[in-house]
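Have a look at the structure below, then the notes.
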Amino acid sequence: MNSSYCTIDNEKMQTTVFEERRACIQREKRVKYSKGGDKMLKGLVYPPVCTLCGKIVGGENEKYCQACQKRLENRPKCYRTDGEFFDLCLSVFAFEEPLAETLRNMKRRKHPARANLLAKALEALVAEQGLTFDYITCVPVRWRQKLTRGLNHSEEIAVRLAKYTRIPYCRILQKHLRNKRQSSLSQKERKANVYGVYRLNRRWEGQLAGKTVLVVDDIVTTGSTLGEVARILKMSGANRVLCVTVAKSISK
Ligand SMILES: [Zn+2]
């Protein structure tokens, strides 16, 4: 009697365990399929695009479309700019079409997917060059400009780079004076035009001693703006100032 009761109990237990296991497998399958489904749906809504021109590419791992891939052949891996105050300034691409159009569009409105791709290109550059730093910041714009445009697109890229590198993004500087557009000026005029327009955010006073700061910007031309930013950072105690930009303006 007792043993038969035990048998029933064992059978019951085995049935329960079996059912639980089957339910677990089905749950796992559901999660697996829903994950795959999410990925598929994401791929349909946000298909992977070319970093430079924004055209849809074949797969998630393809960074560039065929035309841009061809454009990048025989190009240097990165571009270096020499200048005052910063220790190093590297750019990933040359400032030319179609990237130029992408960057112009990004100034006008948010393009999170493109900002992600450009930040990934900067992340690859930083890793390739073995750059190490304590903080990431960007070239600030005036609050009024940020208000009218709704964003500082260099900041959009810098914030994403911080996420990928796991180094904190900090608003270390502010632009407190208005100046002319750098693009309309000569090299000498650019330096004078940008002098004194940036300053340290008060809460960063005394915080930069011995630190290395990575400054992110979209384009570098003569390096005057980044030089001025680096001057303020060094005056505030930074040991090293490294600059990375998406593009470098190349004179033809
Ligand atoms: Zn392309």
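Just name one of PHE133, ALA121, SER224: the one whose Cα is farthest towards the positive end of the charge dipole of the range 117-252 (beta-carbon charges, Lys/Arg +1, Asp/Glu -1).
The one lying farthest along the dipole's positive direction is SER224.
Give the peptides 67-73, 137-143 in descending order of average Cβ contacts within 10 Å, highest first.
Highest mean packing first, the order is 137-143, 67-73.
Can you give the FRET efficiency for GLN207 and GLU101, using 1/(1 + (r/R0)^6), R0 = 25 Å, r = Cβ-Cβ distance, to the nearest 0.05?
0.05
List, in the order given, every pair from LYS163/LYS248; LYS120/LYS234; LYS110/LYS188; LYS191/LYS248 whose Cα-Cα distance in the structure shown is over 21 Å. Kindly include the intermediate steps, with their values, before the conclusion.
Working: LYS163/LYS248 24 Å; LYS120/LYS234 27 Å; LYS110/LYS188 33 Å; LYS191/LYS248 17 Å.
As for pairs spanning more than 21 Å Cα to Cα, those are LYS163/LYS248; LYS120/LYS234; LYS110/LYS188.
Of the listed pairs LYS77/LYS146; LYS146/LYS180; LYS107/LYS180; LYS77/LYS211, which have alpha-carbon separations greater than 22 Å here? Don't skip to the end; give the middle numbers.
On the way: LYS77/LYS146 32 Å; LYS146/LYS180 16 Å; LYS107/LYS180 17 Å; LYS77/LYS211 27 Å.
The pairs that break the limit, which is 22 Å between Cα atoms, are LYS77/LYS146; LYS77/LYS211.
Taking the range 98-252, how much of its Cα-Cα pair set, in percent, is spaced more than 18 angstrom apart?
Tail of the P(r) past 18 Å holds 58 percent of the pairs.
Explain nothing, just compute: Karplus ³J(HN,Hα) = 6.51 cos²θ - 1.76 cosθ + 1.60, θ = phi - 60°, for every residue of the range 200-213 in order, whole Hz, x for Gly and Pro.
Along the range 200-213, the couplings run 6, 5, 3, 6, 9, 4, x, 9, 9, 3, x, 8, 10, 10 Hz.
Can you pull the Kirkwood radius for the range 68-159, inverse mean 1/r over Cα pairs, to one decimal in Å?
After inverting the pairwise mean of 1/r, the radius is 14.8 Å.
Each reported figure results from applying straightforward, stated rules to the coordinates on display, with no laboratory input. This one's a predicted model, so the numbers in the text were calculated from it and none came from an experiment. For neighbour counting, all protein chains shown are included, and Cβ atoms are generated from backbone atoms with ideal geometry for every residue, glycine included.
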